[in-house]
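The values are calculated or read from the model by the stated rules, or taken from the named source; none is laboratory data. Model, not experiment: these values are computed from the prediction. Cβ coordinates were reconstructed from backbone atoms using ideal geometry, including for glycine residues, and neighbour counts include every protein chain displayed.
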Amino acid sequence: MKPENTPPLGSKGARLLEFLVNKITGGWIKKGDPKTFIPYSKALRGLGIPVRGRAGQQLKREGLDELNGWTKMNRDLPKIDGLIVDKQTRRPNRSFAQSHGRDTGDWENWWLAETAKAIGFDWSPYLAKSARAIQPAARVREDGESETPDYRKIITIEPGKRADGPAFAECASRSGIFSVGSQPA
């Protein structure tokens with residue numbers, strides 16, 4: 001299928017596609033070697049999303065379902081989402097195969113063939129320009145903790161700095177917080 005005939009991928013799916021393509025082009029993922037495929041939790045951390053609860057379920061909400069649906073709709077595209085696996089079994093969830101009509105005993109051979117195609121495929125025409133500019137929401141350390149700034153320190157209102165002026169005084173007076181000219185209790 002030509003890229004111009006392919007329906008667009010949503011922002012979360014595009015972000016996950018970009019992440020996977022970067023892992024492929026960086027040489028992290030090898031054809032036929034599920035040990036090199038990306039576990040759900042590592043994909044989340046790679047996207048800058050801290051893992052909360054079950055990583056597979058969380059990743060579905062963060063673009064995996066969107067990417068899977070997009071590859072189902074575009075049958076000529078390799079199933080790149082098959083490169084994301086359970087860290088224990090090194091296989092995707094069985095619902096991955098079922099969603100593509102491959103719930104029989106041969107689904108693992110089909111899955112490995114699809115991942116090999118995905119690794120050798122030129123994804124560049126399918127990568128949205130906006131997806132290339134997307135940066136992780138936050139850096140995540142190896143221990144799973146986020147490296148985001150402490151926004152409580154940034155948004156703390158200093159007395160007289162942000163909560164002043166005639167508009168604030170009028171609004172505060174009308175709401176009964178305090179009357180104009182008085183100080184809050």
May I ask you to verify whether GLY56 is more than 20 Å from ASN22 (Cβ to Cβ), surrounded by 15 or more Cβ atoms within 10 Å (Cβ to Cβ), out of contact with any Cys (no Cβ under 8 Å at 6 or more places or on another chain) and not hydrophobic (A, V, I, L, M, F, W, C)? yes
Restricting attention to segment 21-51, and to residues there that are of a type in the set (A, V, I, L, M) and in a loop (DSSP other than H, G, I, E, B), which single residue is farthest from GLY63 (Cα to Cα)? ILE29
Any residue at all in segment 81-100 that is more than 19 Å from THR6 (Cβ to Cβ), assigned by TED's automatic domain parsing to the domain that holds LYS12 and aromatic (Phe, Trp, Tyr)? yes
How about segment 88-99: which of its residues are loosely packed, with under 13 Cβ neighbours inside 10 Å and either modelled with pLDDT of 95 or more or assigned to a loop (DSSP other than H, G, I, E, B) (or both)? GLN88, THR89
What number of residues within segment 1-16 are in contact with a helix residue (DSSP H, G or I) (Cβ under 6 Å, 6 or more places away or on another chain) and over 15 Å from LEU127 (Cβ atoms)? 0
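For (1) touching a Ser or Thr at 6+ places or on another chain (Cβ under 8 Å); (2) under 16 Å from ASP122 (Cα atoms); (3) of a type in the set (D, E, K, R), each residue gets a yes or a no:
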residue	(1), (2), (3)
GLU18	no, yes, yes
LEU44	no, no, no
ASP76	no, yes, yes
ASP81	yes, yes, yes
VAL85	no, no, no
PRO92	no, no, no
Quick check: is even one residue across segment 62-70 of a type outside the set (Gly, Ala, Ser) and farther than 18 Å from SER11 by Cα? no
Selected residue (criterion: nearest to GLY10 (Cα to Cα)) from residues of segment 100-130 that are hydroxyl-bearing (Ser, Thr, Tyr) and surrounded by 15 or more Cβ atoms within 10 Å (Cβ to Cβ): TYR126
